[in-house]
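Comments concern the structure below.
The values are calculated or read from the model by the stated rules, or taken from the named source; none is laboratory data. These numbers were taken from a predicted model, which means no experiment stands behind them. So basically every Cβ, Gly included, is an ideal-geometry build from the backbone, and we count neighbours across all protein chains shown. Only protein heavy atoms, including side chains, enter the accessible area calculation; ligands, DNA and RNA are left aside. Shrake-Rupley method; radii C 1.70, N 1.55, O 1.52, S 1.80 Å.
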Amino acid sequence: MAALLAGTAGCQSVGEKSQATAAAVPGQRQPLAPDTLSPAAALPDSLRPTVLAPVPGLSDSLRREVAALHQALGPAAQALRPAVLERACVGYLTLRHAGRIRRPGVLAVADMDLPSTEKRLWVLNLKDRKVVHRSYVAHGRGSGWVRARRFSNRIKSACTALGFYRTADTYAGKHGLSRRLHGLDRGQNSNALDRYVVLHGADYAGPEYLRQHGQLGYSRGCPALPPEQYRAIINAVGEGACLLLSGPGLESKWLDGAVAARQLAARGWQ
């Protein structure tokens, strides 16, 4: 188990090598064979996502607006759970009100409570009510196997850190085009820059790896993206946008229903 949880600062590829190591540990869940992958409704209880309570203090009018947005997004957002979208929208509006994000109308949300076998990242255009991108996204190797169960802000934890992020500048790194992330939730993801948690592409985060191994590989905490889509996604979110990595136990001061309602009434989704 120590081999599975060990990590170093930064985000490096731990694809096939890590999978082979994890598979050798007695008692570990084996990856699903590619021809046995099932939709979320058919997964065992251990892989079903956590039931999320509604955001407290959220007005009925804002809840209806989010529900209308979800419906307008169409089939591409069918697997985006309403409770996760609700949290993402409330955080986006609250952060806009506080001036902590600068790119209006762009919201990226990853439901890290879903297994890595599902496309669990969405990039949304809120103004046009469209799904711009949907893709797979890898979690940190310290967070779990097929489904992420542990989350940490700690350096060298190799875990995914939950919370709201602001997208920052791009650079050419070991994985090619990458975009830095600023964690906006103190204690939950505020070490993102020091941990080198960034958006980047990785072979272990794509459909070909999934077909071969029955699950995605692991990053060291980065939300790693498929090699076929990472450039388009990194460019689509741009700099200063809102990204939510959602998962069990997420707590955030940005989930303020009253402030979010005021922002929506004053500025809409801008």
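The simple spin-label model puts a point 7 Å past each Cα toward its Cβ; for A236 and A72 those points are separated by 1.8 nm.
For region 37-161, with all protein chains in place and a probe radius of 1.4 Å, 52% of the accessible heavy-atom surface sits on carbon or sulfur.
Which length gain, in nm to one decimal place, applies between V131 and R262 when the Cα-Cα distance is subtracted from 0.36 nm times their residue separation?
Computed gain between V131 and R262 is 44.7 nm.
Once you order the gyration tensor axes a ≥ b ≥ c over the Cα atoms, which shape class does region 132-270 get: rounded for a/c under 1.5, otherwise prolate or oblate by comparing a/b with b/c? Verdict is prolate for region 132-270.
How far is the Cα center of region 163-180 from the Cα center of region 194-211, in Å? Between the Cα centres of region 163-180 and region 194-211 lies a distance of 12 Å.
In whole Å, what three semi-axes, largest first, describe the equivalent ellipsoid of region 103-155 built from its Cα gyration tensor (square root of 5 times each eigenvalue)?
25, 13, 7
Here the simple spin-label model places points 7 Å from the Cα toward Cβ, and for A172 and R103 these points are separated by 2.1 nm.
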